[in-house]
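Written out below as structure tokens is the structure these notes cover.
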Amino acid sequence: MNLARAYPQDDDANLARAAALAAELEGAAPHAVLRVAIEREFGDRVALVSSFGAESAALLHIAAEIDRATPVIFIDTDKHFAQTLQYRDELVDFLKLTNVRVVAPDTDEVAAEDPKGDLWRGDPDACCTLRKVRPNERALAGFAAWITGRKRHHGGVRARLPFVEHDGRHFKFNPLAAWTPREINAYARAHGLPPHPLVAQGFPSIGCWPCTSPSEGTDARAGRWAGSGKTECGIHRPAPTTAPGRRMAF
Ligand code: SF4
């Protein structure tokens with residue numbers, strides 16, 4: 001175990017290190033990716049961010065097998081389905097997770113920016129910034145890296161998702177990047193993982209109740225912000241292609 005690495009280094013070094021890790025881990029099994037993140041590279045400086053949604057159980061189970069004390073961050077936007085909160089508690093008990101951190105939007109910011117609680121209707125980007133992006137950034141302030149549940153089959157900008165990236169602030173590990181819904185479901189069945197109760201009601205992807213609807217077909221995230229053109233909440237910053245503040249040479 002080598003947890004003595006000097007993270008973070010300068011921006012170019014972080015980008016280069018992320019690219020090297022991505023090349024090393026491309027195609028690796030999720031267990032292997034998580035072991036590298038948790039045991040070899042970052043130790044207690046890596047957290048797993050989970051929505052406790054439709055596909056969350058597999059990643060949480062793998063992390064729990066490696067270390068049940070891995071920090072797990074759940075952003076409680078105050079707009080989740082009641083079933084999601086019940087499912088979170090059920091999964092935490094089932095997996096015996098011991099370090100789940102529930103983070104919420106800042107109450108003063110909510111009072112100032114969304115006093116009626118309906119910002120999602122007129123400005124969902126501002127609502128996501130208030131209720132997801134800023135709480136997530138605050139929760140990750142003490143960490144050098146995080147683990148996400150994003151997958152290439154989600155499509156859009158995720159179609160080319162690397163196994164490891166650096167977003168200018170943190171390293172990000174995407175252990176399930178290459179898994180398909182079939183592999184995720186097979187893993188869940190093999191390990192007896194409880195499903196999110198809304199999956200049986202036609203929700204293949206589950207976020208906040210105002211912005212999630214049932215959907216059918218091959219696009220797992222079609223029911224998120226349906227009909228609005230919005231596809232991401234914003235917690236996943238685009239990975240820089242060069243260090244911030246430096247110009248590309250043409
Ligand atoms: S998903 Fe909808 S309700 Fe949730 S934070 Fe974003 S805009 Fe607001």
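The values are calculated or read from the model by the stated rules, or taken from the named source; none is laboratory data. Model, not experiment: these values are computed from the prediction. FYI the Cβ positions are ideal-geometry reconstructions off the backbone, even for glycines, and counts take in every protein chain you see. Please note that ligands, DNA and RNA were not included when accessible areas were found on the heavy atoms of the full protein model with its side chains. Shrake-Rupley method; radii C 1.70, N 1.55, O 1.52, S 1.80 Å.
Of all residues in region 181-216, count the ones that are part of a helix (DSSP H, G or I) and within 16 Å of the ligand (Cβ to nearest atom).
The number of residues fulfilling the criteria is 3.
State the number of residues belonging to region 71-94 that are among the aliphatic types (A, V, I, L, M) and open to solvent by 10 Å² or more (accessible area, probe 1.4 Å).
Let us first name the residues in region 71-94 that are among the aliphatic types (A, V, I, L, M), namely 72-73, 75, 82, 85, 91-92.
Retained after the next criterion (residues that are open to solvent by 10 Å² or more (accessible area, probe 1.4 Å)): 75, 82, 85, 92.
Residues meeting the conditions: 4.
Residue-by-condition table, conditions (1) out of contact with any Leu (no Cβ under 8 Å at 6 or more places or on another chain); (2) open to solvent by less than 20 Å² (accessible area, probe 1.4 Å):
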{"site": "96", "(1), (2)": "yes, no"}
{"site": "136", "(1), (2)": "yes, yes"}
{"site": "152", "(1), (2)": "no, no"}
{"site": "155", "(1), (2)": "yes, no"}
{"site": "163", "(1), (2)": "no, yes"}
{"site": "175", "(1), (2)": "no, yes"}
{"site": "179", "(1), (2)": "yes, no"}
{"site": "182", "(1), (2)": "yes, no"}
{"site": "188", "(1), (2)": "yes, no"}
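Give all pairs with beta carbons closer than 9 Å in which a residue from region 180-192 that is in contact (Cβ under 8 Å) with a residue 12 or more places away in the chain meets a residue that is of a type in the set (D, E, K, R); count only pairs at least 6 apart in sequence or on separate chains.
180/151; 180/152; 181/55; 181/151; 184/55; 184/151; 188/55
Of the residues that sit in region 212-250 and are out of contact with any Gly (no Cβ under 9 Å at 6 or more places or on another chain) and open to solvent by less than 30 Å² (accessible area, probe 1.4 Å), which one is modelled with the highest pLDDT?
Among those residues, the one meeting the criterion is 235.
Among all residue pairs at least 6 apart or on different chains, which show Cβ distances below 7 Å where the first residue, located in region 127-150, is within 19 Å of residue 15 (Cβ to Cβ) and the second is within 16 Å of the ligand (Cβ to nearest atom) and open to solvent by less than 10 Å² (accessible area, probe 1.4 Å)?
Qualifying pairs under 7 Å: none.
When residue 161 is evaluated against the numbered criteria (1) within 16 Å of the ligand (Cβ to nearest atom); (2) at pLDDT below 95, which criterion, by number, is the only one it fails?
Evaluating residue 161 over (1) within 16 Å of the ligand (Cβ to nearest atom); (2) at pLDDT below 95 leaves (1) as the failure.
So, in region 98-134, exactly how many residues are among the charged types (D, E, K, R), within 17 Å of the chain's Cα centre (by Cα) and surrounded by fewer than 20 Cβ atoms within 10 Å (Cβ to Cβ)?
Looking only at that region, the number is 2.
Do you know which of the residues in region 138-150 that are open to solvent by 30 Å² or more (accessible area, probe 1.4 Å) and among the small types (Gly, Ala, Ser) is nearest to the ligand (Cβ to nearest atom)? Quick ask: steps written out before the conclusion?
Looking only at region 138-150, we keep the residues that are open to solvent by 30 Å² or more (accessible area, probe 1.4 Å), and these are 138, 141-142.
Add one more test, that the residue is among the small types (Gly, Ala, Ser), and what stays is 141-142.
Details: 141: 20, 142: 23 Å.
In this case the residue turns out to be 141.
Here is a list of conditions, (1) open to solvent by 10 Å² or more (accessible area, probe 1.4 Å); (2) out of contact with any Asp or Glu (no Cβ under 8 Å at 6 or more places or on another chain); (3) farther than 13 Å from residue 235 by Cβ, and residue 170 meets all of them except one; can you say which number that is?
Unmet for residue 170, out of (1) open to solvent by 10 Å² or more (accessible area, probe 1.4 Å); (2) out of contact with any Asp or Glu (no Cβ under 8 Å at 6 or more places or on another chain); (3) farther than 13 Å from residue 235 by Cβ: (3).
Can you say whether residue 104 is within 17 Å of residue 52 (Cβ to Cβ) and within 16 Å of the ligand (Cβ to nearest atom), as far as the supplied structure shows? Can you show your working first?
Working: within 17 Å of residue 52 (Cβ to Cβ): yes; within 16 Å of the ligand (Cβ to nearest atom): yes.
Yes; evaluated as a whole, the condition is true for this residue.
Search region 43-70 for residues that are over 18 Å from residue 90 (Cα atoms) and open to solvent by less than 10 Å² (accessible area, probe 1.4 Å) and pair each with any residue that is assigned to a helix (DSSP H, G or I) and of a type outside the set (Phe, Trp, Tyr) when their beta-carbon atoms are under 8 Å apart and the residues are at least 6 apart or on different chains.
Once the first residue is over 18 Å from residue 90 (Cα atoms) and open to solvent by less than 10 Å² (accessible area, probe 1.4 Å) and sits in region 43-70, its partners that are assigned to a helix (DSSP H, G or I) and of a type outside the set (Phe, Trp, Tyr) give 46/37; 46/38; 47/139.
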